[in-house]
């Protein structure tokens, strides 16, 4: 139980285009999902908190107009990287919270912008 | 605290030895701590957690120790196996923090045969 999936697992896009990443909780409902970014050899950095039915809360320094988050249902949150540039290339990871403290992570999405 | 730096600390151990991975956390208000294992190209995997009202918790082959006085956390892995090779992160959060986790810098564990 408590499985979180991400799609796609990897994506290559051209500079200036947008790409959407999906995060799904497969066997539980999650009112809260989180989006993280991880550069090579570095730790996970929280980008934003996604709440079902409301606007996402972004961490300081994260551009909300560039990283669009939509939490359309209790099992799905999407992250859209708009007008992607090579510096946006990273490993994007989501997590979902089914209850009080537990947080389950997705397998990550590798984004490469050429 | 914020994770900085381009190089992960590395711990190399022989198969069968015990491993100890350390973590210093930053927020004295943190009251819930988790250790995660991350294999290359994958998301973090929960290993063990501990709340601030405890100083030790044991799982299967793993033990977490918490020293709130010096804001230090450690993960002990007994009889380390090749499958334990991964990057290990500690994470902290606090009650009322909305489940937001702050991750440590991570340690690369390499198990040598």
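What follows is calculated from the coordinates using simple rules that are stated; it is not laboratory data. Since the model is a prediction, treat every value here as computed from it, not as a measurement. Every residue, glycine among them, receives a Cβ derived from its backbone with ideal geometry; neighbour counts consider all protein chains shown.
Among beta bridges identified by DSSP and lying wholly in chain A, the antiparallel ones come to about 90 percent. Distance distribution P(r), chain A, all Cα-Cα pairs, bin width 5 angstrom from 0: 2, 13, 24, 26, 20, 10, 4, 1, 0 percent. Result for chain A in a Gaussian network model with C-alpha springs under 10 Å: among A:39, A:67, A:28, the largest mean-square fluctuation is at A:39. In terms of other Cβ atoms within 10 Å, B:90, A:13 run from fewest to most in the order A:13, B:90.
What's the center-to-center distance, using Cα atoms, between region A:1-53 and region B:67-113 in Å? Comparing the Cα centres of region A:1-53 and region B:67-113, I get a distance of 22 Å.
The Cα-based radius of gyration and maximum Cα-Cα distance (Dmax) for region B:19-65 are 11.7, 34 Å.
Does the protein assembly as shown classify as rounded, prolate or oblate by the C-alpha gyration tensor (a ≥ b ≥ c root eigenvalues; a/c under 1.5 gives rounded; else a/b over b/c gives prolate, otherwise oblate)? Prolate.
Considering only DSSP beta bridges with both partners in the protein assembly as shown, what is the antiparallel share in %, to the nearest 5?
Values: 69 of 78 bridges.
Of the beta bridges lying entirely in the protein assembly as shown, close to 90 percent run antiparallel.
For chain B, how big is the tail of P(r) above 25 Å, as a whole percent of Cα pairs? That tail contains 18 percent of the Cα-Cα pairs.
Taking A:65, A:101, A:27 as the candidate residues, the one with maximal mean-square fluctuation in a Gaussian network model of chain A, Cα springs under 10 Å, is A:101.
Sorted from fewest to most neighbouring beta carbons within 10 Å, what does the list A:47, B:54, A:33 look like?
Details: A:47 24, B:54 12, A:33 30.
In order of increasing Cβ crowding within 10 Å: B:54, A:47, A:33.
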